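The values are calculated or read from the model by the stated rules, or taken from the named source; none is laboratory data. All values derive from a computational prediction rather than experimental measurement. Methodologically, a virtual Cβ is constructed for each residue, glycine included, from the backbone with ideal geometry; neighbour enumeration extends over all protein chains shown.
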Amino acid sequence: MKVDGGTLAALAGYFALTSLFAIGGGNSAIPEMHRFAVDVNHWITDQQFSDSFALAQLTPGPNILIVTLIGYHVAGVVGALVATLAMCGPTCIFAFFVGRFADRSQGSVWHATLTRALIPVTLGLTAASATVIATTSDYNWAAAAITAGTALTAYFVRVHPLWAFAVAALLGLSGLI
Amino acid sequence: MNSAPIPSPTEPPAPHSLPEPPSSSASTAPQQVRPSLAELFIAFATISLSGFGGVLAWSRRMMVEERRWLTPEQFNEAYALCSFLPGPNIINFSVIFGSRFRGPLGGAVALLGLIGPPTVLLTIIGAIYAYYGDLPVLRRMLTGVASAAAGLMMATVAKMAGPLFRNRAVVGPLVAVATFGSIGILQWPLAPVLAVIVPVSIVLAWVHR
């Protein structure tokens, strides 16, 4: 695969910036990554994005590593490494310095205020991620039924994600989707 | 690759220099075990490779119950701190945890243990997908998994929304709906949206505290 420096720089700069806005976990940035990689830059298709998301879910490790797959699609092994480092680097440096400082500022009032301020934002972002993934994958009534069925089951019972994925993959394998 | 056998020639200390005392912050809990760099790497690699979605549970079990590197209170504090930081909590946790015990190098080693193995794995998977991604069977299975994952996220949203929408609260639900609408429906860019919504939400939470 031909690796072009401009694309790599765009990957690195973009993921580094996006990582700083991923509030409340890796899945919060899913809609933004989809917008940028599929709609704006046409690096990958809707289907490839949805597949990458599924593969990252199936692989052990932080789910944010969907960026590794996006990077690979765009620029091969180098792209995978650049995207991964860009997504983790800035937040880690941030975490390092905050970790030092926060040793001394536990339990303050703004701690509680920040929590209450960020929870609804995280909630909105997670709902947006679910919507984007649900509408991005190659959708039909069977896939919609799987989404609804998983949501209902997981709401009422504790479900290990792997079981849900295994059942869904089998349904896909059986040709239902 | 890190097994350089050359023993570093240790300079004899200059007569007027005292030996470095251990940093005072590291000696706050003397009875606790202090992990080495190799132990940090192995611990986070293990957590990473055994954590499907449930990385938090795994990290707690290892850090608190098995290795006794943290007390339950310390774990909760560290984790609460990580949830404020942008990016995945577990990645921030690895950096904060590693650097607390072994300085910047410890943070880097813990991070490498966490993301190194899955990055290699996903790069290989990416290469395989590049060849076989068009197979209809694979495509249908991945669509199934993505659909299920969307469902799991919806269940999470529903569980989080319960306490938020209770007590006739207005501010929280409003912020949540505004975030969802602008990102999920209108598909606006994340950075400018959050640059507006987060400060507004903080001010509102402060006013209604």
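Would you be able to say whether some residue in region B:87-105 is over 30 Å from residue B:179 (Cβ atoms) and among the aliphatic types (A, V, I, L, M)?
Yes, there is a match, as at least one residue in region B:87-105 is over 30 Å from residue B:179 (Cβ atoms) and among the aliphatic types (A, V, I, L, M).
Counting only residues that are surrounded by 22 or more Cβ atoms within 10 Å (Cβ to Cβ) and of a type in the set (Phe, Trp, Tyr), which one in region A:40-70 is farthest from the other protein chains (Cβ to nearest Cβ)?
Among those residues, the one meeting the criterion is A:49.
Take residue A:91 and tell me if it is outside the structural domain of residue A:161 (by TED's automatic domain parsing), in a helix (DSSP H, G or I) and either closer than 25 Å to residue B:145 by Cα or not polar (S, T, N, Q) (or both).
No.
Checking the structure you have, find out if any residue of region A:94-108 is touching a residue at least 24 places away in the same chain (Cβ under 8 Å), surrounded by 18 or more Cβ atoms within 10 Å (Cβ to Cβ) and either of a type in the set (A, V, I, L, M, F, W, C) or more than 7 Å from chain B (Cβ to nearest Cβ) (or both).
Looking for residues that are touching a residue at least 24 places away in the same chain (Cβ under 8 Å), surrounded by 18 or more Cβ atoms within 10 Å (Cβ to Cβ) and either of a type in the set (A, V, I, L, M, F, W, C) or more than 7 Å from chain B (Cβ to nearest Cβ) (or both), one finds none in region A:94-108, hence no.
Condition first: within 20 Å of residue A:71 (Cα to Cα) and buried (at least 22 other Cβ atoms within 10 Å of the Cβ). Now tell me which residues in region B:83-137 satisfy that.
Residues satisfying the conditions are B:87, B:88, B:91, B:111, B:114, B:115, B:118, B:119, B:122, B:126.
Among the residues of region A:3-24, is any more than 9 Å from chain B (Cβ to nearest Cβ), over 16 Å from the mean Cα position of the chain (by Cα), aliphatic (A, V, I, L, M) and assigned to a loop (DSSP other than H, G, I, E, B)?
yes
Scan region B:166-209 for residues that are hydrophobic (A, V, I, L, M, F, W, C), touching a Lys or Arg at 6+ places or on another chain (Cβ under 7 Å) and within 15 Å of residue A:125 (Cβ to Cβ) and jot them down.
none
Just checking, does region A:74-93 include any residue being more than 7 Å from every other protein chain (Cβ to nearest Cβ), in contact with a helix residue (DSSP H, G or I) (Cβ under 6 Å, 6 or more places away or on another chain) and surrounded by fewer than 19 Cβ atoms within 10 Å (Cβ to Cβ)?
yes
Sort through B:195, B:191 and tell me the only one that's farther than 24 Å from residue A:147 by Cα, in contact with an Asp or Glu (Cβ under 9 Å, 6 or more places away or on another chain) and free of Cβ contacts under 8 Å to residues at least 24 places away in the same chain.
On inspection, the qualifying residue turns out to be B:191.
Conditions first: (1) surrounded by fewer than 18 Cβ atoms within 10 Å (Cβ to Cβ); (2) of a type in the set (Gly, Ala, Ser); (3) in contact with a Lys or Arg (Cβ under 6 Å, 6 or more places away or on another chain). Residue A:175 passes all but one, so which condition is the exception?
Unmet for residue A:175, out of (1) surrounded by fewer than 18 Cβ atoms within 10 Å (Cβ to Cβ); (2) of a type in the set (Gly, Ala, Ser); (3) in contact with a Lys or Arg (Cβ under 6 Å, 6 or more places away or on another chain): (3).
Yes/no per residue for (1) surrounded by 19 or more Cβ atoms within 10 Å (Cβ to Cβ); (2) outside any loop (DSSP other than H, G, I, E, B); (3) at the interface with chain B (Cβ under 8 Å from one of its Cβ atoms):
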position: A:112; (1), (2), (3): no, yes, yes
position: A:128; (1), (2), (3): yes, yes, yes
position: A:148; (1), (2), (3): no, yes, yes
position: A:154; (1), (2), (3): yes, yes, yes
position: A:163; (1), (2), (3): no, yes, no
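I'd like the full set of residues that are polar (S, T, N, Q) and free of Cβ contacts under 8 Å to residues at least 12 places away in the same chain, limited to region B:145-188.
B:147, B:156, B:167, B:187, listed by residue number.
Across region B:92-138, what is the total count of residues that are closer than 19 Å to residue A:61 by Cα and not β-branched (Val, Ile, Thr)?
20
Being within 8 Å of chain A (Cβ to nearest Cβ), at pLDDT 90 or above and part of a helix (DSSP H, G or I) narrows it down to one of B:126, B:106, so name that one.
B:126
For region B:69-103, name all the residues that are closer than 18 Å to residue A:112 by Cα and either touching a residue at least 60 places away in the same chain (Cβ under 8 Å) or not in a helix (DSSP H, G or I) (or both).
Matches in region B:69-103: B:85, B:86.
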